[in-house]
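The values are calculated or read from the model by the stated rules, or taken from the named source; none is laboratory data. This structure is a prediction, so every number in the text was calculated from the model and none was measured. As a convention, Cβ positions derive from the backbone with ideal geometry for all residues, glycine included, and neighbour counts pool all protein chains shown. Heavy atoms of the whole protein, side chains included, go into the accessibility calculation; ligands, DNA and RNA do not. Shrake-Rupley method; radii C 1.70, N 1.55, O 1.52, S 1.80 Å.
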Amino acid sequence: MSDSLIPPSITGKGSHFPPGGSVLDHAFGASDPYTLGVEEEYMLLDGETFDLVQHIDTVLAAVAGHELEPRINAELMQSVLEVATPVCHTPAGVQQQLLRIRGYVTDVAREKGLRVGSAGTHPFSLFEAQRITAKDRYRALVDQMQYIARRELIFGMHVHVAVDDAEKAIQVVNGLIAHLPELVALSASSPFWRGEPTGLRSSRHMIFAAFPRSGPPPRFRDYADYAQVVNQLEKTGCIQDYTHIWWDIRLHPRLGTIEIRICDAVTRLEDAVAITAFCQALVKLYSERHDSGEAIPSYHRVLTSENKWLAARYGLEAPVMDLLTGSRIRVPVAKLVRRTLREIEPHARELGAERELEGIQEILSRGNGAARQLRVFTANRDIVEVAQEIAAATEVVQIPA
């Protein structure tokens, strides 16, 4: 997690999260509600073979001194590049920032004979061939997790949405949990692993499931309930801090945001922006329900985990449980997405994000990233072509500063 998403009001005077403070200290309410930050993890690819290459240090050296340098960071493996937008007020702002960042890193990579790609997994590269980034955090992670961490050759997109109250944030997360299968299905872009089609639309989720403190978050009663759990994990040495909790959706108290971490890295920029608009409007929907005193329903983790698994397996065609109605008949997850769109469209309109939200209908119409990758593979049974298509669809022309 990069600190590049932290608003100036949090890092400067008046911080709600002082060094050494308790986990109850937070920055909820320190910035405007519903402001956004997006992180994307990109593959670093050889310009000819499209295999992963261990060249993060080359890229970081090339961007040193540029105004976008703070937005570009290393990750666990040296073949991964993480980018983070500044705080944005609208999905249109996110689009502008990601367009600029994607364009810049594409240009830098090409100058070094590299390409970049965004998807949940690389179609054929092997985790055994990857080198771990030389940072204490990553070395400690591998020392603790061993094989589980070394196998984590996966790529995600994280969407942060600011919320103005800690208690509200807890209840909003409880409401968002029911939408996990929709987010999985919309973003699924990892149907390949180690050069083979897995039969899954999101292999990334199955790989990451081996991590501790992952999957759907538990349902917390209130912020004190959450804080008690985190304190117990910290004081017993199970985790260094709450950023070592990797739930699909988690609170980020230091940033004052809800961090929606469940999405695969998304190849097309317009899809990333549409999913960002979807997340922002959902947070606004549940925030306003909380403000009006309306009870926000939550569901057992067994049920939400089952729906998530089905979405990772089948993508937009997943037959999931309709937890809202309690129907005995499973329904396509795409039907739930359309119902959610009807509920959140007024909120997206109030946020000035109605046009960006329309991109969700586009995903439903033409398919997610996994569907596109499988179509490319089916044509010639050439796994390298899949990686080439990912790179071509990820890279964008840099817009003028």
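Brief remarks follow.
Okay, residues lined up against (1) of a type in the set (Ser, Thr, Tyr); (2) buried (at least 18 other Cβ atoms within 10 Å of the Cβ); (3) not in a loop (DSSP other than H, G, I, E, B):
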| residue | (1), (2), (3) |
| --- | --- |
| GLY293 | no, no, no |
| LEU316 | no, yes, yes |
| THR325 | yes, no, no |
| LEU336 | no, yes, yes |
| GLU343 | no, no, yes |
| GLU362 | no, no, yes |
| GLU389 | no, yes, yes |
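- One residue from ALA353, ALA370 being in contact with a Ser or Thr (Cβ under 9 Å, 6 or more places away or on another chain) and closer than 12 Å to PRO191 by Cα: ALA370
- Among the candidates ASP51, ASP25, the residue that is over 30 Å from ILE344 (Cβ atoms) and either among the polar types (S, T, N, Q) or modelled with pLDDT under 95 (or both) is uniquely ASP25.
- All of (1) open to solvent by 40 Å² or more (accessible area, probe 1.4 Å); (2) in a helix (DSSP H, G or I); (3) touching a residue at least 12 places away in the same chain (Cβ under 8 Å) hold for PRO297 with one exception: (2).
- Boolean, GLY315 is of a type outside the set (S, T, N, Q) and farther than 25 Å from TYR34 by Cβ: yes
- Test: residue in segment 257-264 that is in a helix (DSSP H, G or I), at pLDDT 95 or above, under 24 Å from SER365 (Cα atoms) and touching a Lys or Arg at 6+ places or on another chain (Cβ under 8 Å): no
- Meets criteria (in contact (Cβ under 8 Å) with a residue 24 or more places away in the chain, in a helix (DSSP H, G or I), in contact with a Phe, Trp or Tyr (Cβ under 6 Å, 6 or more places away or on another chain) and surrounded by 14 or more Cβ atoms within 10 Å (Cβ to Cβ)) for TYR226: yes
- For segment 160-195, a residue qualifies if it is within 25 Å of ASP32 (Cα to Cα) and of a type in the set (Val, Ile, Thr), and the qualifying residues are VAL161, VAL163, ILE170, VAL172, VAL173, ILE177.
- Restricting attention to segment 184-223, the residues being under 16 Å from ASN368 (Cβ atoms) and out of contact with any helix residue (DSSP H, G or I) (no Cβ under 7 Å at 6 or more places or on another chain) number 4.
- Answer from ILE363, ILE390 - the residue that is in contact with an Asp or Glu (Cβ under 9 Å, 6 or more places away or on another chain) and at pLDDT 95 or above: ILE363
- Of GLU82, GLU40, all but one fail to be of a type outside the set (Val, Ile, Thr) and over 18 Å from ALA134 (Cα atoms); the exception is GLU40.
- Checking LEU153, LEU141 one by one, the residue that is over 19 Å from ARG254 (Cβ atoms) and modelled with pLDDT of 95 or more is LEU153 and no other.
- Residues in segment 265-291 that are touching a Phe, Trp or Tyr at 6+ places or on another chain (Cβ under 7 Å) and surrounded by 24 or more Cβ atoms within 10 Å (Cβ to Cβ): ALA265, GLN280, VAL283.
- Looking across segment 123-132 at every residue that is touching a residue at least 60 places away in the same chain (Cβ under 8 Å) and more than 21 Å from the chain's Cα centre (by Cα), the one that is least open to solvent (accessible area, probe 1.4 Å) is identified as SER125.
- Odd one out for ASN73 among (1) open to solvent by less than 50 Å² (accessible area, probe 1.4 Å); (2) in a loop (DSSP other than H, G, I, E, B): (2)
- Qualifying residue in segment 196-209 (condition: closer than 19 Å to TRP247 by Cα and without any contact (Cβ under 8 Å) to a residue 40 or more places away in the chain): yes
- Note on segment 76-87: residues that are surrounded by fewer than 21 Cβ atoms within 10 Å (Cβ to Cβ) and either outside any loop (DSSP other than H, G, I, E, B) or touching a Leu at 6+ places or on another chain (Cβ under 7 Å) (or both) amount to 0.
- Filtering segment 107-122 to residues that are of a type in the set (Gly, Ala, Ser) and open to solvent by less than 10 Å² (accessible area, probe 1.4 Å) leaves ALA109, GLY117, SER118, ALA119, GLY120.
- Each residue in segment 378-387 was checked for being open to solvent by 20 Å² or more (accessible area, probe 1.4 Å) and in a helix (DSSP H, G or I), and 6 pass.
- Qualifying residue in segment 141-155 (condition: crowded, with 24+ Cβ neighbours inside 10 Å and in contact (Cβ under 8 Å) with a residue 40 or more places away in the chain): yes
- Unmet criterion (only one of (1) touching a residue at least 12 places away in the same chain (Cβ under 8 Å); (2) of a type in the set (S, T, N, Q); (3) farther than 21 Å from PRO218 by Cβ) for THR325: (1)
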